[in-house]
Amino acid sequence: MSKILVIDDDPAIRKILSEILIHDDFEVTTAENGKKGIDLTRKGKFELIILDIKMKGMNGYETFKVLNAEFPNIPVIMMSGHGSLEDAVEFVKNGAFDYIPKPMDMNKLLITVRNALDLRNLSKEVRKYRRISRKTVPTMFGNSEQLNTLKEQISKVAESDSRVLITGPNGSGKELVALNIHHQSNRKEGPFVEVNCAAIPAELIESVLFGAEKGAYTGAYKTTTGKFEQANEGTLFLDEIGDMTESAQAKVLRALQENKITKVGGEKDIEVDVRVLAATNKDLQKMIVQGSFREDLYYRLNVVPMEVPPLDDRKEDIPILVNHFIQSISENENKPTKTISERAMQNLVDYNYQGNIRELRNIVERLLIFSGPEITTEDVQKYVISKSSPTSLLVERLVKTLGGPQEAIAYIQNQFQLIDAKKEGITLKKDIII
């Protein structure tokens, strides 16, 4: 259960937010002023802070500066009934996760809260990867034909300085592929810098990538170094490249063409020596047709295409991954390692993983929490299979296989002879296997 701190001097607002967040299964603590909020944060372990700007005594601006300086890894959502768009942009540029005006749209608030917590969890995963020793190649667990082919491709491409475009569904291990390429390359002693393009607000992506001069925009109090400079003589991993703004795409293209960048608000060219690896779960060629992704950038990035298979396509790797997660999670939690029954393992092999390896790891962690000394088939049925709707999983898989909801509707209608697909001009994929 995620712990959230609400700081607001209005008791009615604190009460409403507490009731809504508690109803959504969050643990909520409240503070009536900035000073108490800071004291509580220093004592407790909060995963998110919701902070009002207009408060008596220590206002939200002052409180935010202290919280952001002492707890940079805790996302802060600002709220106010007296703010403006300029205020919102300034807060985000200075480290706040988001800004919500009063009166609040509670649905938007809950969505923002979940996004902030998801980003925090993602950041924690990234920090874990960064703690890996530079001399240690991150292990890719499994012996399937698909994974062995991928490992061979990584070994070959790592020897060159070629750019690689890594594709595959969410949670399949695209970042792990990038890490392996880096650790097996002649740049392994250099930095590995990761940028999640989807997690950075559109107005900040350019300053994050290229840095910014002091005074380049409101809130730019000092000159900053961008990710391209940070990755000099190493590897820059652009994750979720399909979410990059068109303006940033143009500047990245120039950096790849000329090996030069310019800070936001700057005039001086800075030479960089960076190998760029990119990843996406989107269809970039379709985005090119739609005009949302540059074709010239696509071909600059896609020198070596590399596809990471979904977990459902390499079922034989699941037992190896399960045993690895049992061991690693138990060690991290400093708890005895549990065993898993043969039937329970088969249940996990037969399960359909929409979230791929990331989902499997979460499932194993859940089973370790709730099971006895041995993970049984009853545990899997109770804590995994019963939590998933078979119907919704089948529908999701059908939509994913056919390419979209309209194609899925057309396929179902055609199968039950509700329409004539040829007459309607609809092309259906054959041999659909759910």
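The values are calculated or read from the model by the stated rules, or taken from the named source; none is laboratory data. Note that the coordinates shown come from a computational prediction; the quantities given were computed from them, not determined experimentally. In this analysis, Cβ positions are derived from the backbone assuming ideal geometry, glycine residues included, and neighbour counts consider all displayed protein chains.
Table: residues versus (1) closer than 16 Å to Phe141 by Cβ; (2) touching a residue at least 40 places away in the same chain (Cβ under 8 Å); (3) touching a Lys or Arg at 6+ places or on another chain (Cβ under 7 Å); (4) part of a helix (DSSP H, G or I).
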residue	(1), (2), (3), (4)
Pro336	no, no, no, no
Arg343	no, no, no, yes
Asn347	no, no, no, yes
Gln354	no, yes, no, no
Ile357	yes, yes, no, yes
Ile363	yes, no, no, yes
Ile369	no, no, no, yes
Gly372	no, no, no, no
Asp379	no, no, no, yes
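On the given criteria, is Ile241 within 22 Å of Leu176 (Cα to Cα) and surrounded by 18 or more Cβ atoms within 10 Å (Cβ to Cβ)?
yes
Can you name every one of the strands (runs of 3 or more DSSP E) wholly within the range 265-332 that holds 1 or more residues which are exposed (fewer than 14 other Cβ atoms within 10 Å of the Cβ) and in contact with a Lys or Arg (Cβ under 6 Å, 6 or more places away or on another chain)?
269-271
Looking only at the range 71-93, count every residue that is within 22 Å of Glu32 (Cβ to Cβ) and modelled with pLDDT under 85 and tell me the total.
So the answer is 5.
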